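Take a look at the structure below.
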Amino acid sequence: MNGPVAGGERGVSDIVGFVMVFGMIASVVAIVALSGLAGLESARDAQQTDNAVRAMEVLSDNMGDIAERGAPSRATEISLEDASLSLGAETVVTVRDPNESASDPSFLENRTHKIRPIVYDDGDTELVYAMGAVFRDDPQGGTVVQPWSPVFDEERTMIPVVTTVSATDTGQQIQSSTVLVRARANDRLVPVADDEGIYDDIWINVTSSRSDLWLTMLGRDPALTCFQSGTDRVSCQLDETPEQLYVTEVRVAVELKP
């Protein structure tokens, strides 16, 4: 039979118990704090990306003011935080009729447009403005945030091209708290107009590192038949022969200012 516990032994037992309980509480608090911090950081990053998406949509609308409504220039401010903004590698868009030599060789001849997309990159997500469209490219996959808007109709087809180029002939990558995107119309062309319906094999070809997103976007239009024709190339054929065809181009010089 055990004898009575001495006062010193009881004190040691109380200290050990206190240390154990305190350690458990500290561990629980640390786990909850770390989980909460990770959740807060995740929510912050998601909110930052959502804000950037809205800013890119505003950028697209401002570009539309220049291309569609004749504004001479527009400026858009975008908050970057830890992200960067740059002019990406060229996207090449061609509009052609393989049979054009039999009709009017000047009509769709050399309709090749080299476009510098505007790219927001936070390390995980890229948001890309190109020719009126806004793409979101995540590690989990890409989505079309805002589509390009050509008009395909039997009577009149209009294919608008917004050719964004660098105002300084560089990629202009900017990492700052905010960046100002200045866009200025350099030239406006309406090179194609026909009222005889002789262009019966019209193709839109896009060469881009994001060809999968272009295929998704263009493939949704019921007037087009699209397929991947190369690693970075999408080809789309217009299914109908329009009576009138217009290919408009607005060249826009873009400058990024911190």
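The values are calculated or read from the model by the stated rules, or taken from the named source; none is laboratory data. Just so you know, these numbers come straight off a predicted model, no measurement behind them. No Cβ is skipped: glycine too gets one built from the backbone with ideal geometry, and neighbour counts run over all protein chains shown.
Just a few scattered comments:
One line per residue, one yes/no per condition, for (1) in contact with a helix residue (DSSP H, G or I) (Cβ under 7 Å, 6 or more places away or on another chain); (2) crowded, with 17+ Cβ neighbours inside 10 Å; (3) not acidic (Asp, Glu):
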{"position": "MET217", "(1), (2), (3)": "no, yes, yes"}
{"position": "ARG220", "(1), (2), (3)": "no, no, yes"}
{"position": "LEU224", "(1), (2), (3)": "yes, yes, yes"}
{"position": "GLN228", "(1), (2), (3)": "yes, no, yes"}
{"position": "SER235", "(1), (2), (3)": "no, yes, yes"}
{"position": "PRO242", "(1), (2), (3)": "no, yes, yes"}
{"position": "VAL250", "(1), (2), (3)": "yes, yes, yes"}
{"position": "ALA253", "(1), (2), (3)": "no, yes, yes"}
{"position": "PRO258", "(1), (2), (3)": "no, no, yes"}
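- Check on VAL161, buried (at least 20 other Cβ atoms within 10 Å of the Cβ), more than 17 Å from GLU243 (Cα to Cα), of a type outside the set (D, E, K, R) and touching a helix residue (DSSP H, G or I) at 6+ places or on another chain (Cβ under 8 Å): no
- Pairs, first part of a helix (DSSP H, G or I) and surrounded by fewer than 19 Cβ atoms within 10 Å (Cβ to Cβ) in the range 90-112, second at pLDDT below 75 and among the acidic types (Asp, Glu), C-beta under 7 Å, six or more apart: GLU100/GLU109
- Strands (runs of 3 or more DSSP E) enclosed by the range 162-258 - at least 2 residues per element that are closer than 20 Å to TYR129 by Cα and touching a strand residue (DSSP E or B) at 6+ places or on another chain (Cβ under 7 Å): 178-192, 203-207, 233-238, 244-257
- Hey, VAL128 at pLDDT 90 or above, in a strand (DSSP E or B) and surrounded by fewer than 21 Cβ atoms within 10 Å (Cβ to Cβ) or not: no
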